[in-house]
Amino acid sequence: KNEVEQSPQNLTAQEGEFITINCSYSVGISALHWLQQHPGGGIVSLFMLSSGKKKHGRLIATINIQEKHSSLHITASHPRDSAVYICAVPMNYGGSQGNLIFGKGTKLSVKP
Amino acid sequence: DAGVIQSPRHEVTEMGQEVTLRCKPISGHDYLFWYRQTMMRGLELLIYFNNNVPIDDSGMPEDRFSAKMPNASFSTLKIQPSEPRDSAVYFCASSLGGGSPLHFGNGTRLTVT
């Protein structure tokens, strides 16, 4: 069974700073998810990636399959990026994409 | 599409009462997932369906929990009888499968007193 560790748990940044959130997992996977949970509670899927790097606007996600590690980067951070960012991986290798184990989340607060 | 629709948004009930949470997935999505989120344990998968068939219910905590998907556009999660430790936010999500992303509903915040 997979285990997921995220760091840091909490992160405070000034507007404009470059942000990095890390995620490590224990068992080989087919894909890793990055989710964003807004202060109001809604959850949005940001990325699903199995190799390399993906970019969407100011957000970049990378994954190193050999090292079982992924990072989420936010460039030119803005107060509206304040949210909880959650990493998730399949419970078992080859498991259904939604049969996930979730990290505890990183609470990001970006100050103006 | 309106996205995944959950109802109710909030539910407050007394211990021992039956609670039914509802979910309408995005049309055409073959997979439906029920998750629970608490401060202590974070997000956890309870059960998921593929083409209306329950595939894995190993996350359902006890026999007090049951879930059904009578058709492709509707699913329910029922707790009977409810207990205070069931208080949590329950999320429903759906996806096309095959590497497509998850789409979450807004969640139901359940409080059992």
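When segment A:52-91 is filtered for residues that are of a type in the set (D, E, K, R) and either assigned to a loop (DSSP other than H, G, I, E, B) or surrounded by 15 or more Cβ atoms within 10 Å (Cβ to Cβ) (or both), the ones remaining, listed by number, are A:54, A:58, A:67, A:68, A:81. Restricted to segment B:1-103, the set of strands (runs of 3 or more DSSP E) holding at least 1 residues that are within 12 Å of chain A (Cβ to nearest Cβ) and out of contact with any Lys or Arg (no Cβ under 8 Å at 6 or more places or on another chain) comprises B:31-38, B:42-50, B:53-56, B:88-95.
Looking across segment A:9-41, the residues that are outside any loop (DSSP other than H, G, I, E, B), within 14 Å of chain B (Cβ to nearest Cβ) and in contact with a Ser or Thr (Cβ under 9 Å, 6 or more places away or on another chain) come down to A:23, A:32, A:33, A:34, A:35, A:36.
Residue B:105 passes every criterion in (1) crowded, with 16+ Cβ neighbours inside 10 Å; (2) more than 14 Å from the chain's Cα centre (by Cα); (3) in contact (Cβ under 8 Å) with a residue 12 or more places away in the chain apart from (2). Applying the set (1) in contact (Cβ under 8 Å) with a residue 60 or more places away in the chain; (2) within 14 Å of another protein chain (Cβ to nearest Cβ) to residue A:84 leaves exactly one unmet item: (1).
The residue that is farthest from residue B:49 (Cα to Cα), among those in segment B:60-94 that are among the small types (Gly, Ala, Ser) and under 14 Å from the mean Cα position of the chain (by Cα), is B:87. Looking across segment B:68-97, the residues that are among the small types (Gly, Ala, Ser) and in contact (Cβ under 8 Å) with a residue 60 or more places away in the chain come down to B:82, B:93, B:94, B:95, B:97.
Values in this text are rule-based calculations from the coordinates and carry no lab data. All figures in this text were calculated on a predicted structure; none of them were measured in a lab. Quick reminder, even Gly has a Cβ in these numbers, built from the backbone with ideal geometry, and neighbours come from all protein chains shown.
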